[in-house]
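**Q** Before I ask anything, let me first share the structure, which is written out below as structure tokens.
The values are calculated or read from the model by the stated rules, or taken from the named source; none is laboratory data. Since the model is a prediction, treat every value here as computed from it, not as a measurement. Using ideal geometry, Cβ is built from the backbone for each residue, glycine included, and neighbour counts are taken over all protein chains shown.
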Amino acid sequence: MADDASKPKRPEEADAESVDEEVTSPGGDKDRGEGGIGDFVRRAVSAGVGAASRSKDDILRVAAGEVRSWLERLNLPDELAKALAKTVIEVKTEIRFRPTEDGKLVPETTNEVKVKPPQGK
């Protein structure tokens, strides 16, 4: 058992033992450590938040890896070509030249763009 006392303790064991330690006050009464139950709750909440943060980081790491592998397999130029091959874009532009009072010609333009959905074939 002398080996148990000389072995370094894991942080979880050290925290649990420090919470359970009883300290004798000068009056001879036994009290919980300085923080008492509030300190225990604070450490428990801190441990829970830490675990949640690590879980979130792990989930984001896995999701990022999946998105990366999907993007590497995606042949974006071919997919865009397929989508655009079936799309019709109609552009109508009118340019009119109107004379001003001083005799100069000023262009007036109007344009209209329509994107037609692919025809079902």
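**Q** Within segment 96-114, count every residue that is among the charged types (D, E, K, R) and over 56 Å from the mean Cα position of the chain (by Cα).
**A** Summing the residues that are among the charged types (D, E, K, R) and over 56 Å from the mean Cα position of the chain (by Cα) in segment 96-114 gives 3.
**Q** Something else about it: Within segment 69-92, how many residues are over 30 Å from GLN119 (Cβ atoms) and surrounded by 10 or more Cβ atoms within 10 Å (Cβ to Cβ)?
**A** 1
**Q** Would you kindly identify the helices (runs of 4 or more DSSP H) lying entirely within segment 1-110 that contain at least 1 residues that are at pLDDT 90 or above and among the polar types (S, T, N, Q)?
**A** Once the helices (runs of 4 or more DSSP H) in segment 1-110 are filtered for at least 1 residues that are at pLDDT 90 or above and among the polar types (S, T, N, Q), what remains is 36-73.
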